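Every number in this text was worked out from the coordinates using simple rules, so none of it is lab data. Note that the coordinates shown come from a computational prediction; the quantities given were computed from them, not determined experimentally. With ideal geometry, Cβ positions are generated from the backbone for all residues, glycine too; neighbour counts draw on all protein chains shown.
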Ligand SMILES: Nc1ncnc2c1ncn2[C@@H]1O[C@H](COP(=O)(O)OP(=O)(O)O)[C@@H](O)[C@H]1O
Ligand SMILES: [Mg+2]
């Protein structure tokens, strides 16, 4: 895989202005080999599950739903450098096809990487929901060692389909994670997503969502909880191509240590997309004098009868609030944790599935120590 | 919607005649040969009788420019510019006037026609004017009364001759020659512009203003403005710009540098009304301008206010470098685009010092088939303790063939910093229009009223003498779209 | 017993408290009145440990324990409660969760067993009912979107649930209508007993009609300039503070 690093996007590209992939170049990534893992690593969730270990479907640990199968389908063309790399090196991924009118409940899709020596993974998943179909997908990435996980997910929702997509990026401390998610959303369909970004030394989640039919709806929320020297980038492009669609985005960045959070969000409203309702908000909480946030909320609007707004706020915890909590007897670290938890709460709004919610709450809980110390 | 469509039709009929500054003045001119090379740079310097150091600076800038490429990140499109097909120097043939009495009467008449009387008795009360015609300054009014309090207000060419130590100290100190493609070009071939120096403790007793006029065909205008406010000084400065209507595009690449020392205040207002091109998008000025102010001193303040209605393309980001502790940067902007105009404008607020604060209020109005982009950077550096920024960007779309874009870059590296950015996009609501019309206003007046209301936060920052003018300008600029 | 001796404090370089002497024995309720800007809120903040105040002299102890050396949460655990003049909003923090966390932190600090969610809710609901507050007050975010009166009542609810030894009520009555005023007063009166004392800061006699204080003090210009029985409040109501500041 020697040519791997030759075509990495550079910072001269506007889309990569704030994220530098050159750290990848200090590793010689090899192709992964299958590995066995302890089933204790899997979260305790009562649902069908699809388990990938080092990019290979672990049939023993998986409980495949009827609609899922391993697949090495053609990659849809894209001009994104990392999606192209994924297409070139792609590994078989899961294909989930929910038929029309089926409520498929919840599925766990978990990707566990076990890297002795550095490995690179290029899974390509496809999730398609038929008309009026429904699915909750809990999408977890975790692992150990140094690896580069560069998954691409192609999501398509037919008319009136509903997908709740909860992502937990909890990769190993030394890992690189660069995920690209394409979502094509038809009329009256709804894509609800929340990404919790906890792990990796350098990560990026890049969404390209297209609202292609009237009345489509998208929620693209995220929370980044970073410490140490972590760098995490959340980039999204939401294209409103049809009228009467709504997009909502709340991204919260909590940055401790020397970490750096990046938010780049663009709402594009095409001429035809009259009556668009677009909202986008990035809020960052800087917990340390060495943390940095770079935020670029962007609007690109070609229709006149739309309601679009965006905002960004950056600040530290409010000393008045901390004092109020402490005056009621709550010790300072706990007071800070409460306020941080409250700060990200709004982003969690789309997570309505109980098990998913509990899982994410636990993961957030687990991140306090690195943030509040 | 139907109401607007109707107005579109009615008003479409009066287009073409809307740019009232589009006349050409027949003045005998002297041109440098067409094209750009080292010899031209030397010639410009020689024409102006410049010292050796300035020529050397120009040549260095020219060498740098040759190695640079035109920036392409802005949301503007234009056919490639042939930099060798332009005149870089054009001046009225008459020898430079020694006083207002010597100014070519034809020129005086032209400025009268533009509403800028240069005759001191007839001029706007309390406003001193420097008039720049193509490549040279033709007149500066009220110099005497200003010099009594120690204020220097003259053309930059004259400042090079009369106050070389000041020019040498500050020229290029805020905007380095090699800052970008257009600053390098400007530094090589800049022709004229204004120079303002307000000494320590002096409040400039009147508004200063420069009036820029491009007249000659195929001529680029590359003016250079330098304003220095020493400790405790303050000044309010306004520039206005117009150009004749022509089918070809003309290039304007100016550089403005402001320096504010301790407790100094500079207010810089622009009413930019270069010829925007016709309804089909033919002609108009390419306005590629770099404006930057350095708040070097503690508690200094630089405030930019701009009303941008003209130019085929506007590429302009008046910025503040907030270095002095407690310094303040402000940017108030109205940008109107109509027909095929393209504007990519905004600001940069670079917070370096502690307790610095900045405010950005930007209003974009797009009509016709135009594109209007706000692009702004707010950067809080690690040493900028307790820095504050507030940004509000609002876009108004008139008609459904235009575009409105907002591209903020927000970078914060200090936890005590506080940054807030808000942006909205809307249209003139039918019920707002109806409400006004039901009170008896015509539709055009209603739109004018609503647009002015939308821009109020910015317009109120303009010096009073110009606020009314600016309001009228807004209405005129939107003619042919709705009102 | 709250004992304040010769307490002085400043903000930045501005001297605000200039030697306060005040003793509130267990079981007593004292009122503090005084003109705007006298330093009443400053005193309450200094007692509860807010940042930004420099104590330049004197002491403050609760039952012999030095309050000034403690962190705000330690003072709360020791039994100090401040009903804020301007209660702080905490977006995203649920009221019930907030009060329970606080109560359990205090119980933990005192080595007492914590309360589980069910037991807490039961207690909270009972208090809410007694204080005639809307039930949804527990579900909402702390003080977010509360009216001025609701915020003040929420302070009283917290006091009722946290059961302090000394409650400092900083103008808890301002902005309340008569009914709400009675509720607030009932809340304080319900806690009255040998283990509870209170410092009630107010401008108005009408609160003191409902919470009858044992003593009334006048704070002006950073000092207690007069003390007396409940009748002093009537006198102030009639004649204002004029003439007191010089004393
Ligand atoms: N943060 C502060 N910085 C500077 N002065 C303050 C601050 N807070 C209060 N003060 C001043 O301290 C004095 C006492 O204020 P305060 O204790 O709020 O008075 P009261 O509650 O009696 O009306 C006033 O003069 C007020 O202006
Ligand atoms: Mg007070």
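Taking 0.36 nm per intervening residue step and subtracting the Cα-Cα distance, what contour gain separates residue C:129 from residue C:13 on full extension?
Working: separation 116, 0.36 × 116 = 41.76 nm, distance 4.63 nm.
Using 0.36 nm per residue and subtracting the Cα-Cα distance, I get 37.1 nm.
Mind checking which of C:71, C:119, C:38 has the largest fluctuation in a GNM of chain C, springs on alpha carbons under 10 Å? Judging by the Gaussian network model, the answer is C:119. Taken over the stretch A:284-326, the percentage of Cα pairs per 10 Å bin, counting from 0 up to the bin with the maximum distance, is 20, 32, 25, 17, 7.
Each of A:281, B:381, C:1 has some number of other Cβ atoms within 10 Å of its Cβ, and from fewest to most they run C:1, B:381, A:281.
Nearest-5 percent of antiparallel DSSP beta bridges in chain A? Present the calculation step by step, with values, prior to reporting the outcome.
Numbers: 7 of 138 bridges.
Taking every DSSP beta bridge within chain A, about 5 percent pair in antiparallel fashion.
When the alpha carbon coordinates of the stretch A:247-373 are projected onto the principal axes, the ranges are 55, 36, 26 Å, largest first. Converting the Cα gyration tensor eigenvalues of the stretch A:217-310 into ellipsoid dimensions via √(5λ) gives semi-axes, longest first, of 31, 10, 9 Å. If you take every DSSP beta bridge fully contained in the protein assembly as shown, what fraction is antiparallel? Give it as a percent rounded to 5. The antiparallel fraction comes to roughly 15 percent.
Apply 1/(1 + (r/R0)^6) to the Cβ-Cβ distance of residue B:147 and residue B:31, taking R0 = 35 Å, and write down the FRET efficiency to the nearest 0.05.
Values: r = 33 Å, r/R0 = 0.95.
Approximately 0.60, to the nearest 0.05.
Rounded to the nearest 5, the antiparallel percentage of DSSP beta bridges internal to the stretch C:2-239 is 60%. Spin-label model, residue B:63 to residue C:59: label points 7 Å out along the Cα-to-beta-carbon direction sit 7.8 nm apart. Evaluated at q = 0.09 Å⁻¹, a Debye calculation over the C-alpha positions of the stretch A:14-316 (equal weights, vacuum) places log10 I(q)/I(0) at -0.42.
Computed from label points 7 Å out along Cα-Cβ, the spacing between residue B:435 and residue A:44 is 5.9 nm. For the protein assembly as shown, taking Cα atoms only, Rg and Dmax work out to 34.2, 102 Å respectively.
Report the percentage of all Cα-Cα pairs in the stretch B:246-400 whose separation exceeds 23 Å, rounded to a whole percent. All intermediate terms of the calculation are to be shown ahead of the outcome.
On the way: 4547 of 11935 pairs.
Of all Cα-Cα distances in the stretch B:246-400, 38 percent exceed 23 Å.
When the Gaussian network model of chain A links Cα atoms closer than 10 Å, the mean-square fluctuations of A:147, A:279, A:324 top out at A:324. Over chain C, the hull volume per residue, using the convex hull of the C-alpha atoms, is 121 Å³. Estimated from the Cβ-Cβ distance and a Förster radius of 35 angstrom, the FRET efficiency linking residue B:424 and residue B:383 is about 0.60.
Inside 10 Å of the C-beta atoms of C:218-230, what's the mean count of C-beta atoms belonging to other chains? Let's see the in-between values first.
Numbers: counts 0, 0, 0, 0, 0, 0, 0, 0, 0, 0, 0, 0, 0.
Other-chain Cβ atoms within 10 Å of each residue's Cβ, averaged: 0.
I need the P(r) histogram for the stretch C:83-145: all alpha carbon pairs, bin width 10 Å from 0 out to the longest distance, whole percents. Binned Cα distances yield the sequence 21, 48, 30, 2. Between residue C:51 and residue B:73, the FRET efficiency estimated from the beta carbon spacing at R0 = 41 angstrom works out to 0.35. In this rough spin-label picture, where each label sits 7 Å from Cα along the Cβ direction, the residue A:369-residue A:35 distance is 2.2 nm.
Among A:110, A:340, A:322, the largest mean-square fluctuation in a Gaussian network model of chain A, built with springs joining Cα atoms closer than 10 Å, belongs to A:322.
Would you mind giving the mean number of other chain beta-carbons within 10 Å of the Cβ of each residue in A:283-291, as a whole number? Display every interim value, and only then the final one.
Details: counts 1, 4, 1, 8, 1, 1, 6, 4, 4.
Shielding by partners across A:283-291 averages 3.
Peptide B:371-380: average number of partner chain Cβ atoms within 10 Å per residue?
Working: counts 2, 1, 3, 1, 1, 0, 1, 3, 1, 4.
Mean partner-chain Cβ count within 10 Å for B:371-380: 2.
When the P(r) is computed for the stretch A:154-246, the part past 21 Å accounts for 35% of the Cα-Cα pairs. Ranked by the mean number of other Cβ atoms within 10 Å of their residues, highest first, the peptides C:230-241, B:410-421, B:152-163 come out as B:410-421, B:152-163, C:230-241.
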